[in-house]
1. Of all the residues that make up region 62-101, how many are touching a residue at least 60 places away in the same chain (Cβ under 8 Å), hydrophobic (A, V, I, L, M, F, W, C) and not in a helix (DSSP H, G or I)?
2. Might you let me know whether region 186-197 holds any residue that is closer than 29 Å to Val399 by Cα, among the aromatic types (Phe, Trp, Tyr) and crowded, with 16+ Cβ neighbours inside 10 Å?
3. When region 351-367 is examined, which residues are found to be within 16 Å of the ligand (Cβ to nearest atom) and either of a type in the set (Ser, Thr, Tyr) or open to solvent by less than 30 Å² (accessible area, probe 1.4 Å) (or both)?
4. Out of curiosity, is Thr385 open to solvent by 30 Å² or more (accessible area, probe 1.4 Å) and either under 13 Å from Cys207 (Cα atoms) or within 16 Å of the ligand (Cβ to nearest atom) (or both)?
5. When region 153-192 is examined, which residues are found to be part of a helix (DSSP H, G or I) and of a type in the set (S, T, N, Q)?
6. Could we say that Tyr162 is in contact with a Phe, Trp or Tyr (Cβ under 8 Å, 6 or more places away or on another chain) and open to solvent by 60 Å² or more (accessible area, probe 1.4 Å) here?
7. Please verify whether region 215-230 includes one or more residues that are touching a helix residue (DSSP H, G or I) at 6+ places or on another chain (Cβ under 9 Å), of a type in the set (A, V, I, L, M), free of Cβ contacts under 8 Å to residues at least 40 places away in the same chain and away from the ligand (no atom under 15 Å from the Cβ).
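The values are calculated or read from the model by the stated rules, or taken from the named source; none is laboratory data. Computed from a predicted model, the values in this text were never measured in an experiment. For neighbour counting, all protein chains shown are included, and Cβ atoms are generated from backbone atoms with ideal geometry for every residue, glycine included. Ligands, DNA and RNA are stripped out before the accessible areas are found, and what is left, the full protein with its side chains, is counted by its heavy atoms. Shrake-Rupley method; radii C 1.70, N 1.55, O 1.52, S 1.80 Å.
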Amino acid sequence: MNVLVVNAGSSSLKYQLFDTASNTVIAKGLCDRIGIDGTLTHKQLITGKVYEVAVSIPNHTVAMKCVVDALLDADHGCVKSMDEIEAVGHRIVHGGAFFSESVLLNEDVMAKLELCRDLAPLHTGAHIQGIQGCLEVMPKTPQVLVFDTAFHQTMPQKAFMYGLPYELYEKHSIRRYGAHGTSHRYVAGEMIKLMGGKAEGTKIVTCHLGNGSSISAVKDGKVMDTSMGFTPLAGVIMGTRCGDMDPAVVPYVMAKENLAPDQMNNYMNKKCGFLGISGVSSDCRDLEAASKEGNERATLAMDMLGFQIKKFIGAYSAIMNGLDAIVFTAGIGENTASIRERALSELDYLGVEFDREINNKTKGSSGVTKLSTDNSKVQVYMIPTNEELVIARDTEKIVSEMK
Ligand code: ADP
């Protein structure tokens with residue numbers, strides 16, 4: 001089945017046309033600067049043809065028209081008619097507590113998605129525009145929504161509640177939701193296959209480490225806890241996000257630095273983490289380079305991430321009553337050996353033994369790689385994530401079941 005995977009952001013729309021029969025991406029691209037001026041970059045992956053054009057893209061409906069035109073184009077396209085695009089799968093950042101799995105779009109789903117607006121205003125607004133753009137441009141094509149929060153919906157209440165008055169949970173739905181669920185689900189699923197294919201009895205910690213990072217405890221194939229919270233600000237230190245800290249720091253900094261709530265929120269999301277600690281960059285590659293040249297704050301930022309990952313591995317082993325596997329994925333998890341080494345060293349009490357040489361050589365481009373030694377009680381793997389593949393597969397499954 002040809003599935004168009006759409007990831008709509010507020011000013012951009014990324015897409016991939018997937019052939020689920022052969023597990024290949026046929027074409028992919030990006031509509032950028034939506035509502036500002038507009039550029040379309042499209043790549044046909046069978047011929048390798050790249051098409052780039054500056055075009056006016058005032059909104060997401062026009063963006064979807066550009067995507068469909070590019071896919072149908074006689075020169076750089078890859079399908080002859082709209083009928084060849086059999087379904088659309090949307091990446092949705094927040095599904096609140098409404099969605100614990102992917103769903104076919106209908107009026108009830110749309111109404112529930114509207115109720116998630118408050119939880120992730122920028123993302124949800126953009127997703128709704130992307131969906132509406134698809135409804136206008138391809139009204140007969142079924143659409144499926146795949147939620148980043150869905151995989152985390154198995155968390156028990158004792159894991160997702162905060163120590164705030166219960167009424168705040170009831171009135172405002174304040175609780176831990178987590179993020180990157182599609183990625184955690186993919187790598188946990190691949191790890192379970194490597195362990196023999198039976199989810200029951202498995203205890204895995206999945207570390208999605210990118211610009212945004214989150215860590216999950218996956219027991220019996222289900223999330224028991226995850227490091228991100230009500231928003232993606234919680235958990236480990238990230239590119240520009242602060243991660244966990246004493247909540248009393250928030251009003252204190254607001255008073256000292258004279259920041260309003262919106263400014264403080266922006267500060268914690270955009271000015272902290274790697275960038276704030278190092279003063280160099282939010283990008284781990286820049287920190288590695290600066291650290292090699294002796295920049296102590298760059299080294300500190302990386303030490304902090306390694307230390308915090310280790311804390312989560314310990315905590316999650318405790319709540320799962322053991323640990324069978326650790327998986328690293330996403331930009332840093334796949335490519336940055338020195339962060340993996342910081343997180344994995346001195347975990348011998350858990351029975352973790354990894355091969356430093358293999359770890360040092362392993363990049364995302366290496367494909368799935370075992371980092372642990374054969375003596376290790378805990379298997380450690382680098383597994384490149386593939387969220388688009390999960391979206392395409394869920395979409396195919398749901399649309400096939402309709403037929
Ligand atoms: P996002 O959360 O934006 O999807 P990524 O998963 O692409 O982010 O991760 C970006 C992070 O991965 C950056 O800190 C970057 O330095 C780090 N990284 C290290 N090596 C690479 C690499 N070879 N390619 C991409 N990112 C890398």
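1. Selection size over region 62-101: 7.
2. Yes: one or more hits.
3. Residues of region 351-367 within 16 Å of the ligand (Cβ to nearest atom): 359-367.
Those that are within 16 Å of the ligand (Cβ to nearest atom) and either of a type in the set (Ser, Thr, Tyr) or open to solvent by less than 30 Å² (accessible area, probe 1.4 Å) (or both): Asn359, Thr362, Gly364, Ser365, Ser366, Gly367.
4. Working: open to solvent by 30 Å² or more (accessible area, probe 1.4 Å): yes; either under 13 Å from Cys207 (Cα atoms) or within 16 Å of the ligand (Cβ to nearest atom) (or both): yes.
The answer is yes for Thr385.
5. Narrowing region 153-192 to residues part of a helix (DSSP H, G or I): 153-154, 157-160, 166-172, 181-192.
Gln153, Thr154, Gln157, Thr182, Ser183, listed by residue number.
6. Working: in contact with a Phe, Trp or Tyr (Cβ under 8 Å, 6 or more places away or on another chain): yes; open to solvent by 60 Å² or more (accessible area, probe 1.4 Å): yes.
Judged against the criteria, Tyr162 is a match.
7. Yes, region 215-230 has at least one match.
For every residue, the table says whether it meets (1) of a type outside the set (S, T, N, Q); (2) under 16 Å from the mean Cα position of the chain (by Cα); (3) over 30 Å from Thr47 (Cα atoms).
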site: Val88; (1), (2), (3): yes, no, no
site: Leu104; (1), (2), (3): yes, no, yes
site: Ala111; (1), (2), (3): yes, no, yes
site: Ile131; (1), (2), (3): yes, no, no
site: Glu136; (1), (2), (3): yes, no, no
site: Ala159; (1), (2), (3): yes, no, yes
site: Leu164; (1), (2), (3): yes, no, yes
site: Gly178; (1), (2), (3): yes, yes, yes
